[in-house]
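**Q** Supplied in structure tokens, the structure appears directly below.
The values are calculated or read from the model by the stated rules, or taken from the named source; none is laboratory data. Keep in mind that this is a model prediction, so the values were computed, not measured. Note that each Cβ is placed from the backbone with ideal geometry, even for glycine, and that neighbours are counted across all protein chains shown.
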Amino acid sequence: MNTILPPELLIKILLRLNSIELTRVSYVCRLWKTIVETDPCLARACFKQPSPHYYDEGCEPILFRDPTENTRVRFHPAMHRISYRMGDSITTVQLRNPSNDDDICRTPLVNLPLQTDYATVPATTDLDIEVIPAENNKRRSCSGLPGITITVSNPAGIRLGDIFSSIVKEATELCDLVAYASRGVCYQRMQPSLTFHKKAEILGKHKSYTGISGAVVEAGRIKAQVCTVP
């Protein structure tokens, strides 16, 4: 497919699209695919290359800015299309098809090139996540019950796959739930088999991932929260 538009003008137009739309138009023809994958700004808009600075979706990526101004963060849109139940294996982390409401229409993230996309704008090497049930968030805070704390690190920039492999690793880790719930004050005094379970069990029935929110930047680290539902 040929285009009568100069590549520079086409790039300006494509930059008005969001990351999901950009990924779709890259399949229109070989020329568009090449432009989307090789132009630095479009590649950043698709989360294929790391962005050093924050910018709003649909705007041209900012290449030069004082790093101290990076106080906002935006996550890859696929983060809100993931289906996962805490405590299950990595193969159950699946991407829902936005064009189909059928829950059966899902693809494991580990089978998709998408897993190597950068997870945030701006790109980060350190991310702290707290997993807390959505419904009884305030009640758990008052009672002192912990959620699941997850630290994600990648010196080359955190990718989508890094986040969910870290979540799965932490949620499936066996631990003494008595000690974990009491933050080390109490320990199990019964048989280990009665209290050693997957850490995801601290969430009770609220194990279904719903997305990531509340992201803030503190001392160069991104901190965010994942809420779970039944």
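**Q** Checking D176 against (1) at pLDDT 85 or above; (2) in contact with a helix residue (DSSP H, G or I) (Cβ under 7 Å, 6 or more places away or on another chain), only one condition comes out false. Which one?
**A** (1)
**Q** Out of everything in region 183-215 that is in a loop (DSSP other than H, G, I, E, B) and modelled with pLDDT of 85 or more, what residue ends up being surrounded by the fewest Cβ atoms within 10 Å (Cβ to Cβ)?
**A** K205
**Q** Taking strands (runs of 3 or more DSSP E) that do not extend beyond region 42-155, which have at least 1 residues that are among the polar types (S, T, N, Q) and at pLDDT 90 or above?
**A** In region 42-155, 94-96, 148-153 are the strands (runs of 3 or more DSSP E) which contain 1 or more residues that are among the polar types (S, T, N, Q) and at pLDDT 90 or above.
**Q** Let me ask you something else. Residue check, S165 against (1) loosely packed, with under 14 Cβ neighbours inside 10 Å; (2) at pLDDT 95 or above, all met but one. Which one?
**A** All conditions are met except number (1).
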